[in-house]
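Right, one structure below, let's go through it.
The values are calculated or read from the model by the stated rules, or taken from the named source; none is laboratory data. Just so we're clear, the structure is a prediction, and the values are computed from it rather than from any experiment. Ideal geometry is used to build each Cβ from the backbone, glycine not excepted, and the neighbour counts take in all protein chains shown. When the accessible area is computed, the model is the full protein with side chains, heavy atoms only, and any ligands, DNA or RNA have been set aside. Shrake-Rupley method; radii C 1.70, N 1.55, O 1.52, S 1.80 Å.
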Amino acid sequence: MSDRVAAIDCGTNSIRLLIASAGPDGLVQLDRRMQIVRLGQGVDATGRFAPEALARVFAAAEEYAELIRAAGVGRIRFVATSAARDVSNRDEFFAGIVQRLGVQPEIISGAEEAELSFRGATGGLGALAVPGPYLVADIGGGSTELILGDASGVIAAESLNVGSVRMTERHIKTDPSTAAELAAAGKDIDAILATTSVPITAARALIGVAGTVTTVAAVVGKLTEYDSARIHHARISGPQLRETTYWLTRSTKAERVTNPAIHPGRVDVIGAGALILQRLYDRMAVGEVIVSEHDILDGVALSLL
């Protein structure tokens, strides 16, 4: 059997693929892809996957299946998180993925999701002399995962129902956002963050992963195209985060579209995502956000090796 593996992570907003093999220091990345599919479109209101959302996911799965076959992958693991946990037509989603990829999607537990995310996100921090404990924050479309841990592993973790798509659909109705809309979204975010059982103030470093945080980093860095090497382990200072969040939440969609650092599929939800990151940062005694390109996708790939 080939020693190449494929990890697929299907979230509320995006579906991502990592094809990798084993190397002397962990993973050797062979291919990494991301598509915005907005699987969670309308789920907060309807409790079901929309037909057009499923069509987008299945089209992406077909493309990934071709890449996986061409790469000679021996093992595949497909994990689905927030959006797929509670919907009433989950079986339709499962059947479509099995048909296209030949693998059963896994709705992983919160504990396993935390372990995979933490392992992927913190793998290279020791070499940078970043002090622990770390709080890994994965701000997704439908939920935000908070994972506190150190060199020994996860200490505490929780998934909160606050995400960029969910907050946008719930609160942001105009373009540009109004002060009242942003205040309502901020109040909602604060109320949810206040309920977490994770002792976030114990962390000495905030590690941000996934599309919201990497997009904020790309905007801060004024990138004209996405550059993984410049994003990975980038550091966002408190003033940079505040300035960028201010612009992302108060600019028009047309203004954001012209920024090459923002993926077109994130243009309408990145403001709410940045606001979640800002509100979390404000609750912590840290001076920066450290960005990691490695996250649950890398943890899933490592689990196959």
Out of Arg235, Arg170, sole residue that is at pLDDT 90 or above, over 14 Å from the mean Cα position of the chain (by Cα) and either farther than 30 Å from Phe49 by Cβ or small (Gly, Ala, Ser) (or both): Arg235
Identify, by number, the condition in (1) in contact with a Gly (Cβ under 9 Å, 6 or more places away or on another chain); (2) open to solvent by less than 50 Å² (accessible area, probe 1.4 Å) that Glu158 doesn't meet. (2)
Note on the stretch 40-55: residues closer than 12 Å to Arg166 by Cα and open to solvent by less than 60 Å² (accessible area, probe 1.4 Å) are Gly40, Gln41, Gly42, Val43
Among residues of the stretch 167-181, those that are buried (at least 19 other Cβ atoms within 10 Å of the Cβ), touching a residue at least 24 places away in the same chain (Cβ under 8 Å) and either assigned to a loop (DSSP other than H, G, I, E, B) or not β-branched (Val, Ile, Thr) (or both), counted: 5
Filter the stretch 240-268 down to residues that are in contact with a Pro (Cβ under 8 Å, 6 or more places away or on another chain) and part of a loop (DSSP other than H, G, I, E, B) and give me whichever is surrounded by the fewest Cβ atoms within 10 Å (Cβ to Cβ). Thr252
Unmet requirement for Ile97, which otherwise passes all of (1) open to solvent by 30 Å² or more (accessible area, probe 1.4 Å); (2) over 16 Å from the mean Cα position of the chain (by Cα): (1)
Under the condition of being among the small types (Gly, Ala, Ser) and more than 12 Å from Asp298 (Cα to Cα), which residue from the stretch 14-36 is surrounded by the fewest Cβ atoms within 10 Å (Cβ to Cβ)? Gly23
Test result for Ile207, more than 16 Å from Leu248 (Cα to Cα), touching a residue at least 60 places away in the same chain (Cβ under 8 Å) and crowded, with 19+ Cβ neighbours inside 10 Å: yes
